[in-house]
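Only one structure is covered here, and it is reproduced in the block below.
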There are 2 protein chains.
Amino acid sequence: MNLKEIIREIPDFPKPGINFKDITPILANGEALRHVIQLLAGHFREKGVDRIVGVESRGFLFGAPLAYELGCGFALVRKPGKLPCSVERVEYALEYGTDALEIHRDAVGAGQRVLMVDDLLATGGTIGAAMDLVHRLGGEIIGAAFVIELAFLGGRARLTERGVTDILTLVTYDAE
Amino acid sequence: MNLKEIIREIPDFPKPGINFKDITPILANGEALRHVIQLLAGHFREKGVDRIVGVESRGFLFGAPLAYELGCGFALVRKPGKLPCSVERVEYALEYGTDALEIHRDAVGAGQRVLMVDDLLATGGTIGAAMDLVHRLGGEIIGAAFVIELAFLGGRARLTERGVTDILTLVTYDAE
């Protein structure tokens, strides 16, 4: 199955010059969704994952089925104010300004083996901030999985610098 | 497995007087997540579901694994401005003011059999608005599934009035 043919490219979304990669056609296609989750699960099944951490909200779309398939728990990283219990919070830089993410303090236990999941690896800024939250809770990040990698934005190198080397991406774009 | 014991109640979130039902401990518990998805799948497996529609973002957490388990596609209902392609949009009344939801016009095909999924059935306002979007696209709503039902808010009757009678909820609260 050629996932790149299923992903839809939307010019100038959310702003001019961005060629947005729309993963909704993968989700709409039961066979493609199954294929994606089984590829991710096949790679990480024997690696002792205790917890999958997914970032709101497209990370939920792939992270939750993957947790279900692997039989492990799923932890949510959300925008501020959405999680009802005691949280850790991290701010991180965007192109213009900053943003913030939160995780429940009991979402990951000390020493748990964590797999980070999101739909897309771009610069690695968002997933890096989510990783900071997991580290604060004492989690050990054993890998990261993404459906799409925008290789020209260098996110892979930034994750490797942070010590994550088992990075699985299914569809790579080498240029804008 | 007693799901009500796993769900966490948070007083006065997101505002005073609301006793928030936190489903994150279900997700964090691999066995509980598996139990929930298999209960939902068991009920709807033989009912010919073509498409699951889930509402951002807690609806994604249960809807996507359920689509994966049933082998059908998943369609996203999101807040305005998040979906990149051509959308249908609906506005609906809140306690104070209005909110809006969108769906991609190609997310559901005419005549497709649709199962609506969200984490919680309260007044039914949000899921009712999502149902309006599905109807506009010609989808046939064959049922609705929720982890939690706040029975004292009357959402079930409102879904029934709209013609949806196959409503599965796993945990019911009869009073605030």
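Summary of computed values
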quantity: Hits in the range B:55-67 (condition: among the hydrophobic types (A, V, I, L, M, F, W, C) and either without any contact (Cβ under 8 Å) to a residue 60 or more places away in the chain or touching a Ser or Thr at 6+ places or on another chain (Cβ under 9 Å) (or both)); calculated: B:55, B:60, B:61, B:64, B:67
quantity: Which numbered condition residue B:89 fails, given (1) within 11 Å of another protein chain (Cβ to nearest Cβ); (2) surrounded by fewer than 19 Cβ atoms within 10 Å (Cβ to Cβ); (3) closer than 25 Å to residue B:138 by Cα; calculated: (1)
quantity: Failed item, numbered, when residue A:29 is tested on (1) in contact with a strand residue (DSSP E or B) (Cβ under 7 Å, 6 or more places away or on another chain); (2) of a type outside the set (Val, Ile, Thr); (3) closer than 21 Å to residue A:77 by Cα; calculated: (3)
quantity: Boolean, residue B:60 is at the interface with another protein chain (Cβ under 7 Å from one of its Cβ atoms), open to solvent by 10 Å² or more (accessible area, probe 1.4 Å) and either of a type outside the set (S, T, N, Q) or outside any helix (DSSP H, G or I) (or both); calculated: no
quantity: Every pair of residues 6+ apart whose Cβ atoms lie under 6 Å, when the first sits in the range A:1-25 and is free of Cβ contacts under 8 Å to residues at least 24 places away in the same chain while the second is surrounded by 12 or more Cβ atoms within 10 Å (Cβ to Cβ) and basic (Lys, Arg); calculated: A:22/A:8; A:25/A:8
quantity: Count of residues meeting criterion [open to solvent by 30 Å² or more (accessible area, probe 1.4 Å) and either of a type in the set (Phe, Trp, Tyr) or facing chain B (nearest Cβ under 7 Å) (or both)] in the range A:70-81; calculated: 1
quantity: Scan of the range B:7-30 for residues that are within 8 Å of another protein chain (Cβ to nearest Cβ) and of a type in the set (D, E, K, R), ordered by number; calculated: B:8, B:22
quantity: Lone unmet requirement of (1) under 18 Å from residue B:48 (Cα atoms); (2) surrounded by fewer than 17 Cβ atoms within 10 Å (Cβ to Cβ); (3) at pLDDT 95 or above for residue B:100; calculated: (1)
quantity: Strands (runs of 3 or more DSSP E) lying entirely in the range A:1-56 (those with 3 or more residues that are buried (at least 18 other Cβ atoms within 10 Å of the Cβ)); calculated: A:51-55
quantity: Selected residue [closer than 30 Å to residue B:85 by Cβ and out of contact with any strand residue (DSSP E or B) (no Cβ under 7 Å at 6 or more places or on another chain)] from B:144, B:110; calculated: B:110
quantity: Unmet criterion (only one of (1) out of contact with any Leu (no Cβ under 6 Å at 6 or more places or on another chain); (2) within 14 Å of another protein chain (Cβ to nearest Cβ); (3) open to solvent by 20 Å² or more (accessible area, probe 1.4 Å)) for residue A:65; calculated: (3)
quantity: Test: residue in the range A:68-78 that is free of Cβ contacts under 8 Å to residues at least 60 places away in the same chain, assigned to a loop (DSSP other than H, G, I, E, B) and closer than 23 Å to residue B:72 by Cβ; calculated: yes
quantity: Verdict on residue B:126 being touching a Phe, Trp or Tyr at 6+ places or on another chain (Cβ under 8 Å), of a type in the set (Ser, Thr, Tyr) and crowded, with 18+ Cβ neighbours inside 10 Å; calculated: yes
quantity: Every pair of residues 6+ apart whose Cβ atoms lie under 7 Å, when the first sits in the range B:133-145 and is within 11 Å of residue B:113 (Cβ to Cβ) while the second is in a helix (DSSP H, G or I); calculated: B:141/B:131; B:141/B:134; B:142/B:47; B:143/B:44; B:143/B:47
quantity: Every pair of residues 6+ apart whose Cβ atoms lie under 7 Å, when the first sits in the range B:26-54 and is over 12 Å from residue B:170 (Cα atoms) while the second is of a type in the set (Ser, Thr, Tyr) and open to solvent by 20 Å² or more (accessible area, probe 1.4 Å); calculated: none
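Okay, residues lined up against (1) open to solvent by less than 10 Å² (accessible area, probe 1.4 Å); (2) touching a residue at least 24 places away in the same chain (Cβ under 8 Å); (3) in a helix (DSSP H, G or I):
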residue: A:85; (1), (2), (3): no, no, no
residue: A:110; (1), (2), (3): no, yes, no
residue: A:115; (1), (2), (3): yes, yes, no
residue: A:148; (1), (2), (3): yes, yes, no
residue: A:156; (1), (2), (3): no, yes, yes
residue: A:160; (1), (2), (3): no, no, yes
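The values are calculated or read from the model by the stated rules, or taken from the named source; none is laboratory data. These figures come from a predicted structure and were not determined experimentally. A quick note on method: Cβ atoms are made from the backbone with ideal geometry, for glycine too, and the neighbour counts reach across all protein chains shown. Just so you know, the surface numbers come from the protein's heavy atoms only, side chains and all, with ligands and any DNA or RNA stripped out. Shrake-Rupley method; radii C 1.70, N 1.55, O 1.52, S 1.80 Å.
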